[in-house]
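Student: Sharing a structure with you now.
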């Protein structure tokens, strides 16, 4: 019995060691393939807010100024509504409350609140100016 030439320190032959190394690499590749790709499919706690500014007859208002106030620092962002009355605020923190309203030709919509407890990643809110 000449085991010394065929056995390693751990008791496995060279072909067996290669098999275990290959099996370990395959297992690691399988785990890596199951993870989400870096930078894709991750929302990082952000959400989007969009909607339309409408008049009393549900017609879109072009050129209304939409205000979005951050409750943490009172910072205000604005957006001018498009031809179809649409507005959009992107990449908003989902752990912050926001107050939203619109103004047009001296008239103002009622304020609406986007709550940090609202878990939607896309919040749609229409604003009405009468």
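Every number here is computed from the coordinates shown, using simple stated rules; none is lab data. Computed from a predicted model, the values in this text were never measured in an experiment. All Cβ positions, even for glycine, are placed from backbone atoms using ideal geometry, and neighbour counts span all protein chains on display.
Student: Cut-off is 10 Å between beta-carbons; in what order do 44, 79 appear when sorted fewest neighbours first?
Tutor: 44, 79
Student: For the peptides 104-111, 91-98, 15-22, 45-52, what is the packing order when you average, over each peptide's residues, the other Cβ atoms within 10 Å and list the highest mean first?
Tutor: So the peptides 104-111, 91-98, 15-22, 45-52, ranked by packing, come out 45-52, 91-98, 104-111, 15-22.
Student: Rule-of-thumb check for segment 46-128: C-alpha Rg over 2.2 N^0.38 Å?
Tutor: Details: Rg = 12.2 Å, N = 83, 2.2 N^0.38 = 11.8 Å.
The value comes to 1.03.
Student: For residue 113 and residue 26 in the same chain, what is the full-extension length gain: residue separation times 0.36 nm, less their Cα-Cα distance, in nm?
Tutor: 26.3 nm
Student: What spacing in nm lies between the two simple spin-label points modelled at residue 14 and residue 69, each 7 Å away from Cα in the Cβ direction?
Tutor: Reported label-point gap for residue 14 and residue 69 is 7.7 nm.
Student: OK, next. Can you compute the modelled spin-label distance between residue 120 and residue 77, with each label point 7 Å from Cα toward Cβ, in nm?
Tutor: Between residue 120 and residue 77, the label points sit 1.7 nm apart.
Student: Using a 7 Å offset from the Cα along the Cα-to-Cβ direction at both residue 59 and residue 103, what is the distance between the two label points in nm, to one decimal?
Tutor: 2.4
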